[in-house]
Amino acid sequence: METICNPTVYQSSYEEGRPSLKSFALAKRKQKVCKRFRAKQICCGAEEAMDNGISNSLLSTVLPNSIKEKVDLPKHRLISGSAISQDGRYYIVGGKEHLSVFDSISGEYKLKKTAKLKNIAHHLTSLDYNDYSQKILVTTLNEKVQVHNLNLEEEDVSIMKLRDNPAGHFLLEYDENRCAVFDTKFSEKDGSKCIVLLNNGFSICDLEENKIIANVENSHWEEVNSLMVKPSSLAENIIITGGDDSLVNLYDKRLIGSKEGNKACGKFFGHNAGITSVDITDSGNYIASNGKDQCIKLWDIRKALSPDVYTKTKRRYIDFDYRNTSFNKSKRFIHEADNSVYTFTGHTTHYTLIKCSFSPPSWTNERFLASGSFCGCTLIYDTYTGEKLGDLAPSSKSIAKIPTWHPRERKLISSSENKFFIYEHDPEKTTLKSCVGKVDLHSKILKKFKKLQKEEEKDADSEPFKH
């Protein structure tokens, strides 16, 4: 595993009148013991227990390290979206044309209801959940946004059209007339508004008024794949987008719609290929982006580059079809304006858009970063040290696409082809295992999913798309 770090040098200042060396050493020793004791008692839930002084062996006592449960979803085929409620009670997952809600009020996630989606094109692309309104936002490869209630009652479904599409125009390849939504998120705490990605821009929609209130066009040179906004956090006014042009853009939600507000406030570039996923910490200080160049980059939002700097910088990225070909790592280059904090490698992005996510602030202080992988493993990285802590490797040979941290318990949910795995902490295991040798599974999984892709193409030829 390769880790690239851009270090910052800190120089301590001398203070006059400081205590004697003996008393200073005793105080430091007491402080260190207190930190370790507090970390063991509250499972590293406090910020002071999550500094660099805590060893990895102690950190391993709080991380999920074993499979607790496997839940099969035969109707979902390849899972495309998932979401979890703020208290962790509900877990929502969506596949090709089905949506399922799981309830953990009894302690374990039990299926509450599954519904077949209507008015879809090809398959579900994304979903999001709002706790205040208890609404589920669903998008597919067409011009419509669906809003479902938590009970998945068919009569309560509302549909919003983003643009007129009388001819039912739909293409899997990029076309200026195509209207396909690849990601969507609620943008307000009460669930009244949402943001949807359209081609190479995004739109802010008022779900109550059923209309678009702002459009940001041509925000990227290529298609936009990923979106992140957290309305219930300190980063509520920050919008992050990632596109096939390898750029990560930063927007101020309060300025959208004004004369200059539709332009990006800052940009991050350093990826060699398109972006598949972006995430931001609840504090709003750090951003993570997963790319088709098989890298995850950690960014400090305070070091975002001005859009003017980008116009003066040579545009460089590798364009390749991640669905059918593998990325040639020998073509990697270091961008001249790359100011990322860390670059993590070890996972693989192939066939589908692999996601990454920060751990919750409640019990990890957002220290860790989880990523799916084509090999089936869920990898965990330490954003404080830049190290890969280990891999969660299921027995099933399937893609690990979307990692979802439980907001309150020491659990991690990883969605796969037509199932999801629940990992929890096992005190008998002191370390996370490494998935060395799992790379051999790539060829087997690739054959399996190429066969699945051919079946989907046959289904698409035999049945017209539903609009």
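Could you list, in sequence order, all residues of the range 277-308 that are among the β-branched types (V, I, T) and under 14 Å from T349 (Cβ atoms)?
Result: V278, I296.
Looking at Q134, Q146 in this structure, which one is surrounded by fewer than 19 Cβ atoms within 10 Å (Cβ to Cβ) and modelled with pLDDT of 85 or more?
Within the list Q134, Q146, the selection yields Q134.
Just for strands (runs of 3 or more DSSP E) wholly inside the range 183-293: which have at least 3 residues that are out of contact with any Pro (no Cβ under 8 Å at 6 or more places or on another chain)?
Where strands (runs of 3 or more DSSP E) fall fully within the range 183-293 and carry at least 3 residues being out of contact with any Pro (no Cβ under 8 Å at 6 or more places or on another chain), they are 193-198, 201-206, 211-216, 224-228, 238-243, 247-252, 275-280, 286-291.
Taking only pairs six or more apart or across chains, which ones have beta-carbon atoms under 6 Å, a first residue in the range 75-95 that is without any contact (Cβ under 8 Å) to a residue 24 or more places away in the chain, and a second residue that is polar (S, T, N, Q)?
R89/S104
Mind checking which residues of the range 86-117 are more than 16 Å from S415 (Cα to Cα) and of a type in the set (G, A, S)?
The answer is S104, S106, G107, A115.
Could you list all residues from the range 395-417 that are of a type in the set (A, V, I, L, M) and under 14 Å from I380 (Cβ atoms)?
Across the range 395-417, the qualifying residues are A400, L412, I413.
Given the conditions (1) farther than 19 Å from K144 by Cβ; (2) touching a strand residue (DSSP E or B) at 6+ places or on another chain (Cβ under 8 Å), which single one is not true for L234?
The one condition L234 does not meet is (2).
Considering each residue of the range 90-112, count those that are loosely packed, with under 15 Cβ neighbours inside 10 Å and on the phi < 0 side of the Ramachandran plot, and give that number.
5
Condition check ((1) more than 21 Å from A273 (Cβ to Cβ); (2) at pLDDT below 90) across all residues:
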residue	(1), (2)
E366	yes, no
L369	no, no
C375	no, yes
T383	yes, no
H406	yes, no
E409	yes, no
N418	yes, yes
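Could you give me the residue pairs with C-beta distances under 9 Å whose first residue belongs to the range 358-382 and is closer than 17 Å to I287 by Cα and assigned to a helix (DSSP H, G or I), whose second residue is modelled with pLDDT of 95 or more and aromatic (F, W, Y) wherever it lies, and which are 6+ apart or on separate chains?
Once the first residue is closer than 17 Å to I287 by Cα and assigned to a helix (DSSP H, G or I) and sits in the range 358-382, its partners that are modelled with pLDDT of 95 or more and aromatic (F, W, Y) give T364/F358; T364/W405.
D282 is checked against (1) of a type in the set (D, E); (2) surrounded by fewer than 21 Cβ atoms within 10 Å (Cβ to Cβ); (3) farther than 25 Å from T364 by Cβ and fails just one. What number does that condition carry?
Failing condition for D282: (3).
Output yes when any residue across the range 392-400 is aliphatic (A, V, I, L, M) and not in a strand (DSSP E or B), and no when none is.
Yes: the range 392-400 contains one or more residues that are aliphatic (A, V, I, L, M) and not in a strand (DSSP E or B).
Please give the number of the condition H220 fails out of (1) over 19 Å from E336 (Cα atoms); (2) at pLDDT 95 or above; (3) crowded, with 23+ Cβ neighbours inside 10 Å.
Against the list (1) over 19 Å from E336 (Cα atoms); (2) at pLDDT 95 or above; (3) crowded, with 23+ Cβ neighbours inside 10 Å, H220 comes up short only on (2).
Among all residue pairs at least 6 apart or on different chains, which show Cβ distances below 7 Å where the first residue, located in the range 286-299, is among the hydrophobic types (A, V, I, L, M, F, W, C) and the second is outside any strand (DSSP E or B) and surrounded by 24 or more Cβ atoms within 10 Å (Cβ to Cβ)?
Note: pairs meeting the criteria are C295/H271; L298/S340; W299/S340.
The values are calculated or read from the model by the stated rules, or taken from the named source; none is laboratory data. Since we're looking at a predicted model, the values are computed, not measured. Every residue, glycine as well, gets a Cβ built from its backbone with ideal geometry; the counts of neighbours run over all protein chains shown.
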